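**Q** Have a look at this one before I ask anything.
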Amino acid sequence: MNLSDSRTPRQADESETPTPARRPLARMSAAEAVLAELRAEIESGAVLVGAKLPSEAALAARYGVSRSVVREALRSCAALGLTETHTGKGTFVVSGRVSGDLVLGRYSARDLTEARPHIEVPAAGLAAIRRSEEDLATLQDIVSDMFLEDDPAVWVALDAMFHGLIARASGNKVFESVVADLREALSHQSETLNLVADRKSASDVEHRKILTAIESGSAELASTAMAEHLDAVNAALGTLTNR
């Protein structure tokens, strides 16, 4: 099965012979499609707990995608608690069902859910008051780029930059340091939510709202916008085990 690395399929030339209809993947990114296939195989029992998955190269050849797409899908598979990757040994199935909590390196989704409101909500409020014009211009550029970005990995990096810059703009070194420490876990969570819960478009809108509040200079509006964003993320997390 060739899934391609593109979110939308190449449009056929009118002179080409129509191809037979197949299961629709047009609205999925390649990584979404690979993750969906792997998850279905594991949850159905087609691939048993304890089994070793094929190598990245073999999976890339099977699905007709790049190895970077396979790595993205495997990271989300691991975050869902279905697999574990051991350096030099490969990726193994460790559960036949999605975990009740995402595995995000040193932290879990529950850790982030409990901590972020106490860090990023007040940080956004302070950023609205203390941000510099340079901070604001950079945030504006990041949000604009996120709306236009089609590469999932680049979008996730921009997402991490957005939250990190707000923490820095707060002028509070503790907030800045903590958010920087959480960056890897936040990136894994964001990547998985985009693949499994299709969060990108909603996140773009929420980020724009946070930016607008920071632009206004209102600590109350900025704090509220960040709180609403985190609530939406938490709601999406709650749907993962039911998909």
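**Q** Select, from GLU191, GLU149, the only residue that is of a type in the set (D, E, K, R), open to solvent by 20 Å² or more (accessible area, probe 1.4 Å), at pLDDT below 95 and farther than 17 Å from PRO117 by Cα.
**A** GLU149
**Q** ALA197: at negative phi, at pLDDT below 95, touching a helix residue (DSSP H, G or I) at 6+ places or on another chain (Cβ under 8 Å) and aliphatic (A, V, I, L, M), yes or no?
**A** yes
**Q** In the set GLU114, GLU133, GLU120, which member is surrounded by fewer than 22 Cβ atoms within 10 Å (Cβ to Cβ) and more than 26 Å from LEU82 (Cα to Cα)?
**A** None of the others qualify; the one that does is GLU133.
**Q** Test ALA235 against the criterion of being surrounded by fewer than 20 Cβ atoms within 10 Å (Cβ to Cβ), under 20 Å from GLY100 (Cα atoms) and out of contact with any helix residue (DSSP H, G or I) (no Cβ under 9 Å at 6 or more places or on another chain), and give yes or no. So that I can check it myself, show each step before the final result.
**A** Details: surrounded by fewer than 20 Cβ atoms within 10 Å (Cβ to Cβ): yes; under 20 Å from GLY100 (Cα atoms): yes; out of contact with any helix residue (DSSP H, G or I) (no Cβ under 9 Å at 6 or more places or on another chain): yes.
Criteria met by ALA235.
Table: residues versus (1) of a type in the set (Ser, Thr, Tyr); (2) modelled with pLDDT under 95; (3) surrounded by 16 or more Cβ atoms within 10 Å (Cβ to Cβ).
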position: SER144; (1), (2), (3): yes, no, no
position: LEU158; (1), (2), (3): no, no, yes
position: MET161; (1), (2), (3): no, no, yes
position: SER203; (1), (2), (3): yes, no, yes
position: SER218; (1), (2), (3): yes, no, yes
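**Q** Something else now. Considering (1) at pLDDT 95 or above; (2) within 27 Å of PHE175 (Cα to Cα); (3) open to solvent by less than 60 Å² (accessible area, probe 1.4 Å); (4) not basic (Lys, Arg), say which one ASP101 fails and leave the rest.
**A** For ASP101, the failing item is (1).
**Q** Let me ask you something else. Output the number of residues of the range 35-68 satisfying the condition of being part of a helix (DSSP H, G or I), of a type in the set (A, V, I, L, M, F, W, C), without any contact (Cβ under 8 Å) to a residue 60 or more places away in the chain and closer than 18 Å to VAL94 by Cα.
**A** 4
**Q** Of all residues in the range 103-126, which are in contact with a Gly (Cβ under 8 Å, 6 or more places away or on another chain) and under 10 Å from ALA219 (Cα atoms)?
**A** Correct list: LEU126 only.
**Q** Could you pull out the residue among ARG75, ARG71, ARG67 that is more than 20 Å from VAL196 (Cβ to Cβ), of a type in the set (D, E, K, R) and surrounded by fewer than 22 Cβ atoms within 10 Å (Cβ to Cβ)? Quick ask: steps written out before the conclusion?
**A** Numbers: ARG75 fails: more than 20 Å from VAL196 (Cβ to Cβ); ARG71 fails: more than 20 Å from VAL196 (Cβ to Cβ).
On inspection, the qualifying residue turns out to be ARG67.
Yes/no matrix, rows are residues, columns are (1) of a type in the set (Gly, Ala, Ser); (2) under 29 Å from LEU102 (Cα atoms):
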site	(1), (2)
GLU134	no, no
GLN140	no, no
LEU182	no, yes
HIS188	no, yes
GLU191	no, yes
LEU195	no, yes
GLU206	no, yes
ALA213	yes, no
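The values are calculated or read from the model by the stated rules, or taken from the named source; none is laboratory data. Model, not experiment: these values are computed from the prediction. Reconstructed Cβ throughout: ideal geometry from the backbone, glycine too, with neighbour counts over all protein chains shown. For the accessible areas, the whole protein counts, side chains as well, though only heavy atoms, and no ligand, DNA or RNA atoms are used. Shrake-Rupley method; radii C 1.70, N 1.55, O 1.52, S 1.80 Å.
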